[in-house]
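Throughout, read-outs are computed from the coordinates displayed, never taken from laboratory work. As the structure is a prediction and not an experimental result, all values here were calculated from the model. Here the Cβ is made from the backbone with ideal geometry for all residues, glycine too, and neighbour counts use every protein chain on show.
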Amino acid sequence: MMPPVRGTLTEGRPLADLTWLRVGGPADWLFQPADEEDLAGFLAALDPAVPVFPMGVGSNLIVRDGGLRAVVIRLGRGFNGIRVEGERVISGAAALDAHVARRAAEAGRDLTFLRTIPGTIGGAVRMNAGCYGSYVADHLIEVQAITREGRAVTLPAADLGLAYRQSRLPEGWVLVEATFRADAGDPAALARRMDEQIARRDSSQPTRERSAGSTFRNPAGFSSTGRADDTHELKAWKLIDEAGMRGARRGGAQMSEMHSNFLINTGGATAADLEGLGEEVIKRVFQSSGIELQWEIMRVGEEPVNKQ
Ligand SMILES: Cc1cc2nc3c(=O)[nH]c(=O)nc-3n(C[C@H](O)[C@H](O)[C@H](O)COP(=O)(O)OP(=O)(O)OC[C@H]3O[C@@H](n4cnc5c(N)ncnc54)[C@H](O)[C@@H]3O)c2cc1C
């Protein structure tokens, strides 16, 4: 039995149309809470044995073809407010990164690095999203979250363990708001910079294809002094090229010809095609370079049950 809610609770909801790659089976339940109180009450009353999976707009996800045995929580209208208070930009977790960047710029605050990242603020914090040399970790002051038990908590950024494309948010916790510190900037100059970033993106990445951004993390590099560091001098796309996997296909899945670290659904791909091609790339790159690529895209859910 599911607890009563004011938002929308749907059983067996397919997830493919809620992700950028447009693949994957159904969630046992999809819950779209009306507001924080609705979310907290639901989680407090939900059987603790039921897994909870928060999702944003699925721009970093492969949902497997068998779907997710969990309650998927997708925040909507009650969670997308954005306000600017001096150097602080406070955003609901469902707000799109691009909207936050634009609203901040209009108020003369620089969060331009968020402009080209297609996810939500919840996903950006969880993944420590970043580009053009800036990451969420450089700006985040604190977050508000609802724990799996339904308690509202405030966490300082330091408690989130933000690192390259990762954080350590406890499982089942749902981020509901994030507060960023942003430098001052001239609104017109910030708008110009964002336009330039978009143009640069469109010329170097397959932004019009169905993808989930970079497929693999850039392996940690070694500086010229020989010390291990995190400058990521090794680029995943180069290793993929050297392994001859640019443009490689499996079913409807392909490693993009335009940017070889982008895995794309050319139409009709299954999650198994996409994940299988990714695993093949890992194998080939290991054979050619001895380096084991790590997935950046999160893969969640179950393989389909074989009905033969
Ligand atoms: C064309 C393209 C370009 C991209 N470029 C970049 C880039 O430049 N830099 C970059 O860092 N990433 C990039 N990405 C990847 C992706 O956009 C980011 O990882 C983004 O932060 C994911 O946000 P999302 O809302 O889509 O999260 P989802 O993909 O829905 O989820 C990702 C993770 O975040 C968690 N999550 C989402 N919302 C919440 C919440 N409210 N509370 C708790 N956990 C939550 C999910 O559980 C999951 O673990 C790109 C993707 C695409 C498709």
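Below are the figures for this structure:
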item	result
Tally of residues being aromatic (Phe, Trp, Tyr) and in a helix (DSSP H, G or I) across segment 1-46	1
Arg249 surrounded by fewer than 21 Cβ atoms within 10 Å (Cβ to Cβ) and either touching a residue at least 40 places away in the same chain (Cβ under 8 Å) or among the small types (Gly, Ala, Ser) (or both)	no
Elements of type strands (runs of 3 or more DSSP E) in segment 47-111, at least 2 residues being surrounded by 23 or more Cβ atoms within 10 Å (Cβ to Cβ) and of a type in the set (Gly, Ala, Ser)	88-92
Verdict on Leu169 being of a type outside the set (Ser, Thr, Tyr), crowded, with 20+ Cβ neighbours inside 10 Å and either without any contact (Cβ under 8 Å) to a residue 60 or more places away in the chain or in contact with a Pro (Cβ under 9 Å, 6 or more places away or on another chain) (or both)	yes
Of residues in segment 175-205 being charged (D, E, K, R) and in a strand (DSSP E or B), the one farthest from Ala101 (Cα to Cα)	Glu177
Counted residues, segment 79-123 - those being over 16 Å from the mean Cα position of the chain (by Cα) and among the aliphatic types (A, V, I, L, M)	9
Of residues in segment 130-146 being β-branched (Val, Ile, Thr) and in a strand (DSSP E or B), the one nearest to Arg168 (Cα to Cα)	Val143
Some residue of segment 23-37 being under 25 Å from Gly150 (Cα atoms), free of Cβ contacts under 8 Å to residues at least 24 places away in the same chain and away from the ligand (no atom under 15 Å from the Cβ)	yes
Counted residues, segment 116-138 - those being more than 6 Å from the ligand (Cβ to nearest atom) and surrounded by 24 or more Cβ atoms within 10 Å (Cβ to Cβ)	3
